[in-house]
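What follows is a single structure, written as structure tokens, with notes after it.
The values are calculated or read from the model by the stated rules, or taken from the named source; none is laboratory data. Please read all numbers here as calculations on a predicted model, not as lab measurements. Ideal geometry is used to build each Cβ from the backbone, glycine not excepted, and the neighbour counts take in all protein chains shown. Only protein heavy atoms, including side chains, enter the accessible area calculation; ligands, DNA and RNA are left aside. Shrake-Rupley method; radii C 1.70, N 1.55, O 1.52, S 1.80 Å.
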Amino acid sequence: DNQHLSDGTPLTEVVSALRGNPQVLAIGINCIALDKVAPALRQLNALADKPLLVYPNSGEHYDAVSKTWHACDGEHGSLADQAAEWRA
């Protein structure tokens with residue numbers, strides 16, 4: 001989701017651990033669903049003192065039963081459609 005790592009660690013804890021560390025130049029999120037990117041960036045922006053990066057997944061959904069990826073039929077737009085909002 002937009003407030004936790006996949007293991008359940010709150011982003012507030014992650015950012016707190018990274019804040020002020022001179023070796024950390026930016027904070028990024030990856031492998032995140034397209035519809036979660038903007039809320040996650042807003043959450044991080046409110047917490048972080050570093051530039052933000054994002055490398056989301058392609059927008060497809062993974063079916064764990066068949067172990068296959070499936071297109072979302074444009075349900076949440078494309079990376080290009082959302083890039084301007086993410087940059088803002």
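List of remarks:
- Flag for Ala33 being at pLDDT 85 or above, small (Gly, Ala, Ser) and open to solvent by less than 80 Å² (accessible area, probe 1.4 Å): no
- Contact map, the stretch 18-36: residues that are at positive phi paired with residues that are of a type in the set (Phe, Trp, Tyr), Cβ distance under 9 Å, separation 6+ or inter-chain. Pairs shown: Cys31/Tyr55.
- Only residues that are aliphatic (A, V, I, L, M) and buried (at least 16 other Cβ atoms within 10 Å of the Cβ) were counted in the stretch 53-70, giving 1.
- Residue ranges of helices (runs of 4 or more DSSP H) in the chain with at least 3 members touching a strand residue (DSSP E or B) at 6+ places or on another chain (Cβ under 8 Å): 11-18, 34-47
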